[in-house]
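The values are calculated or read from the model by the stated rules, or taken from the named source; none is laboratory data. Please read all numbers here as calculations on a predicted model, not as lab measurements. FYI the Cβ positions are ideal-geometry reconstructions off the backbone, even for glycines, and counts take in every protein chain you see. These area figures cover heavy atoms from the full protein model, side chains too; ligands, DNA and RNA do not enter into them. Shrake-Rupley method; radii C 1.70, N 1.55, O 1.52, S 1.80 Å.
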Amino acid sequence: MNAAQAEIARVERLSTVHRTPAAGAGTMIWHEWGAPSATPLVLLHGGFGSWMHWIRNVEALACRYRVFAADIPGLGGSAHAADSRAPESIGGVVIDGVRALIGDAPFHMTGFSFGGLISGQVGKQLREQVLTMTLVGASGMALPRPEINMLRRHDDMSDDERTAALRHNLNALMLYHDASIDELALAIQLWNDAHSRVRSRRMSLGDSLARALPECTANLGAVWGELDATSVGYLDLRRDLMRASHPESEARFRVVDNAGHWVQYEAADAFNDALLALLDGTPD
């Protein structure tokens, strides 16, 4: 076991693993950290991801909250939803899991990228049960975005070629600085990519989150990396869309300097501080 694998195993050992029903005979996987008496916080990861998108955050967040990091249906260790092409179907499985683990208790929710899109489905259905909904580099807004030069992987690639392609994609999409692509980030990307069965791009480029936001009653906030490859140059459009349905969200839109799309990994300390301030209701 190398150092990256050891770190993943260490953080996972601190958690309790739960399984809730997905479609058919499959289950949805959740990892839980924190005191059972604390207010729940649900974390939804990005596309081609898993709970490990939050590996640098869960311990800090669990000092104040009961943290549930999902593997979204069809990603990580979770089985598919009934329709893996529909945000409503995927969101329905997440809602069933929330009800099984949390019941009707109020909770906070934070969604990263594709997970932000899915959080919209949860928020519009559970409404007042969701105290805050924090979007992190969220997709599903159908807004302009820069071109991103991603490399496609294919079955006849060697292991070295696949690793090189994933390293390129980490730099093109997820992490702005080359130095941020450490062995832990690469190990997470390799595992996540190998376990991803949902092709989320079409949903991410759609408008399901934009349509869901007016139906969400949670206190809306956001954390974005200043250099997020999915939205650099267009952050104001995302802020404006959120403000149109939730005017208070403009004051709750935090930008983390010098960080890319996977902001909670690349600038973990700054992200943790920003998210905790939003959850706690601390003003700027």
Exercise. For the range 241-268, what are the residues that are closer than 24 Å to ASN169 by Cβ, in a helix (DSSP H, G or I) and of a type in the set (Asp, Glu)?
Worked result: GLU266
Exercise. When the range 67-80 is examined, which residues are found to be farther than 17 Å from LEU275 by Cβ and open to solvent by less than 10 Å² (accessible area, probe 1.4 Å)?
Worked result: ASP71, ILE72, PRO73, GLY74, LEU75, GLY76, SER78
For this session: Quick one: which residue in ARG64, ARG145, ARG99, ARG56 is under 16 Å from the mean Cα position of the chain (by Cα), surrounded by fewer than 24 Cβ atoms within 10 Å (Cβ to Cβ) and not in a strand (DSSP E or B)?
Result: ARG56
Exercise. ARG152 fails exactly one of the following numbered conditions: (1) over 18 Å from VAL263 (Cβ atoms); (2) in contact with a helix residue (DSSP H, G or I) (Cβ under 7 Å, 6 or more places away or on another chain); (3) not in a helix (DSSP H, G or I). What is the number of that condition?
Worked result: (2)
Exercise. Quick check, is ILE29 in a helix (DSSP H, G or I), among the β-branched types (Val, Ile, Thr), open to solvent by 10 Å² or more (accessible area, probe 1.4 Å) and over 19 Å from LEU135 (Cα atoms)?
Worked result: no
Exercise. Just for the range 102-137: of the residues that are open to solvent by 10 Å² or more (accessible area, probe 1.4 Å) and of a type in the set (Gly, Ala, Ser), which one is nearest to the chain's Cα centre (by Cα)?
Worked result: SER113
For this session: For residues that are farther than 15 Å from PHE48 by Cβ, in a helix (DSSP H, G or I) and aliphatic (A, V, I, L, M), tally how many sit in the range 159-203.
Result: 3
Problem set entry | From the options ALA142, ALA194, residue that is free of Cβ contacts under 8 Å to residues at least 12 places away in the same chain, out of contact with any strand residue (DSSP E or B) (no Cβ under 9 Å at 6 or more places or on another chain) and not hydroxyl-bearing (Ser, Thr, Tyr) | ALA194
